[in-house]
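Notes follow once the structure below has been shown.
The values are calculated or read from the model by the stated rules, or taken from the named source; none is laboratory data. Computed from a predicted structure; not experimentally measured. FYI the Cβ positions are ideal-geometry reconstructions off the backbone, even for glycines, and counts take in every protein chain you see. Just the protein is used for accessible areas: all its heavy atoms, side chains included, with ligands, DNA and RNA removed. Shrake-Rupley method; radii C 1.70, N 1.55, O 1.52, S 1.80 Å.
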Amino acid sequence: MKFSLSLSSLVLASVVNVALGGATYSRTSSLAGQSFLNAFAWQAIADPTNGRVNYVTEATAQSDGLVEVTSDTVILRADDTTTLSASGAGRNSFRIQSTNTYTTHVAIFDIQHMPQGCGTWPAVFGPNWPNEGEIDIVEGVNDQSPNHSTLHCSANCTMPTGRDMTGTDDGDNCDVNETNNSGCGVALSDNNSYGPDFNGVGGGWYAVERSATYISIYFWERGSTSVPSEVSSPGTTVDTSTWGTPAAYFPSTDCNFATHFGEHNIVINLTFCGDWAGNSAVYAASGCPSTCVDYVNANPSAFTNAYFEFNALNIYE
């Protein structure tokens, strides 16, 4: 990673990182279409969040039409034709993990469409949960806006109040053991950041900047007049100091990032129900019918729109 700031500037930024931040990064990956898919490995594993899901191999996804690739886009979807047996496997879906790992970096996701539907729990994040920390960039359940961006990690990591961000703090303690796995999250201020509302405006861009002293997450709707040109039309470098106030901001003021966050893969997945979406109180509050598992089992056509469509992923280090 090469910063445009001097060492003294970095020290200053670490002291007043609520007000300052940003650096210049150089592009190391420009991924779209098949190159996007080639940068990830499929994980046909048991769901860590106990969802009503069956993560499939790439071969199964190809044969079942759960993945579509053009020169410019990648679509990843769940099965929307099979009625499930209560005693059988969950709904076929995808979980992919980047083959590369990242520490200090910027990742810009151009997302045209995200999964929607009762019982859905899509996410774009970085593991290793929780010992090397996790950054949830995009996460939500049951079509309930807005998006929540969250850190999950081990003990002794908290966030200060009054951070310089547009989102709303909905938890300052990032320790999963003290927060029943919920971590420290930020509810974004824009309802078009998640679910059907996101899809209704043609999606948009999510960006994450991870540095030694702060983690920032940004969101811009497709039609936003404030999206930086280097985000909407990616080039060889980005300067995050010009991007304005982030949607979610996590400084290292009361959290030693060096001991709480290791090298991260990028993980993109879609599960159903599970620990969050399937929680009886959460599911009931969403206005969705039946119980989560029964609904997912019996209503395959409800998941016609349960897919991610990615236009591009650009990574800068």
Failed criterion for Gly244 (all others in (1) open to solvent by less than 60 Å² (accessible area, probe 1.4 Å); (2) of a type outside the set (Lys, Arg); (3) under 29 Å from Ala32 (Cβ atoms); (4) modelled with pLDDT under 95 hold): (4)
Among (1) crowded, with 17+ Cβ neighbours inside 10 Å; (2) under 21 Å from the mean Cα position of the chain (by Cα); (3) under 29 Å from Thr166 (Cβ atoms), the one test that Gly262 misses: (1)
One residue from Glu178, Glu132 being under 26 Å from Ser280 (Cβ atoms) and charged (D, E, K, R): Glu178
Ser241 being closer than 19 Å to Pro196 by Cβ and hydroxyl-bearing (Ser, Thr, Tyr): no
Residue ranges of helices (runs of 4 or more DSSP H) in region 272-317 with at least 1 members touching a residue at least 24 places away in the same chain (Cβ under 8 Å) and among the polar types (S, T, N, Q): 292-298
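Condition check ((1) at positive phi; (2) of a type in the set (Ser, Thr, Tyr); (3) crowded, with 17+ Cβ neighbours inside 10 Å) across all residues:
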site	(1), (2), (3)
Gly202	yes, no, no
Glu221	no, no, yes
Ser224	no, yes, no
Pro228	no, no, yes
Pro251	no, no, yes
Asp254	no, no, no
Ala284	no, no, no
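Residues that are aromatic (Phe, Trp, Tyr) and closer than 29 Å to Arg222 by Cβ: does region 268-275 have at least one?
yes
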Every residue from region 223-243 that is of a type in the set (Gly, Ala, Ser) and free of Cβ contacts under 8 Å to residues at least 24 places away in the same chain: Gly223, Ser224, Ser226, Ser229, Ser233
Subset of region 112-131 (residues that are touching a Gly at 6+ places or on another chain (Cβ under 9 Å), of a type in the set (A, V, I, L, M, F, W, C) and surrounded by fewer than 22 Cβ atoms within 10 Å (Cβ to Cβ)): none
Odd one out for Ala281 among (1) modelled with pLDDT of 95 or more; (2) more than 23 Å from Ser93 (Cβ to Cβ): (1)
Given (1) out of contact with any Cys (no Cβ under 7 Å at 6 or more places or on another chain); (2) outside any strand (DSSP E or B), number of the condition Gly171 does not satisfy: (1)
Members of region 52-99 found to be in contact (Cβ under 8 Å) with a residue 60 or more places away in the chain, in a loop (DSSP other than H, G, I, E, B), closer than 18 Å to Asn297 by Cβ and open to solvent by less than 20 Å² (accessible area, probe 1.4 Å), listed by number: Ala78, Gly90
Residues being in a loop (DSSP other than H, G, I, E, B), surrounded by fewer than 24 Cβ atoms within 10 Å (Cβ to Cβ), polar (S, T, N, Q) and at negative phi - total across region 140-162: 4
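For residues in region 171-189 being over 15 Å from Ser154 (Cβ atoms) and modelled with pLDDT of 95 or more, which is surrounded by the most Cβ atoms within 10 Å (Cβ to Cβ)?
Val186
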Pairs, first closer than 13 Å to Thr253 by Cβ in region 153-166, second open to solvent by 30 Å² or more (accessible area, probe 1.4 Å) and in a loop (DSSP other than H, G, I, E, B), C-beta under 7 Å, six or more apart: Thr158/Asp172; Met159/Asp172; Pro160/Thr253; Thr161/Asp172; Arg163/Val18; Asp164/Val18; Asp164/Ala19; Asp164/Thr245
